[in-house]
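Just below is one structure, and these are the notes that go with it.
Please treat every number below as a calculation from the coordinates, not as lab data. Keep in mind that what you see is a predicted model, and the values were worked out from it rather than measured. Glycine also receives a Cβ, built like all others from the backbone with ideal geometry; neighbour counts cover every protein chain displayed.
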Amino acid sequence: SDWGGADQLHGGALTRLATAINAGVDMIMLPGTWSVGGVPSMSWAVFARHLHHAVELGSLGIPRVDDAVTRVLRAKLAAGLNISSASSAERGRTLRDALDALPDALPDA
């Protein structure tokens, strides 16, 4: 999403989060101090709780979350971004192993 984009949707924080992810947003960017119309952006801790709760309620499916995570990790791997403290060779091997272990039903990014 754009910086704070999910916060600009209608509804409460949990609804905005589920709506954005279900609509195809793979990575929610939470600025933390952002405010639109007096509604502050949620913190990462609140985001994690809402994500878990949205899955528990059925407003957000695990396959959609897995798809988003897979696409973000594939993009980071392709870009060679530093995603851990391991060496680049170890990091690439670990991420490739994780992606290889994902279900075949997930589409390639």
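Odds and ends about this structure:
- A Förster radius of 35 Å, combined with the Cβ-Cβ distance separating ALA78 from ARG49, puts the computed FRET efficiency at roughly 0.70.
- Label-point separation, LEU57 to GLN8 (7 Å along Cα→Cβ), nm: 2.3
- Once the C-beta distance of ASP66 and THR15 is scaled by a Förster radius of 22 Å, the resulting FRET efficiency is 0.55 to the nearest 0.05.
- For ASP26, net neighbour charge (Lys/Arg +1, Asp/Glu -1) across residues whose Cβ lies under 12 Å away: +2
- Summed residue charge, Cβ within 14 Å of VAL55's Cβ, Lys/Arg positive, Asp/Glu negative: -1
- Here the 3J(HN,Hα) profile of region 59-73, calculated from phi with Karplus coefficients 6.51, -1.76 and 1.60 at θ = phi - 60°, is 6, 9, x, 4, x, 5, 5, 4, 4, 4, 4, 4, 5, 5, 5 Hz, Gly and Pro shown as x.
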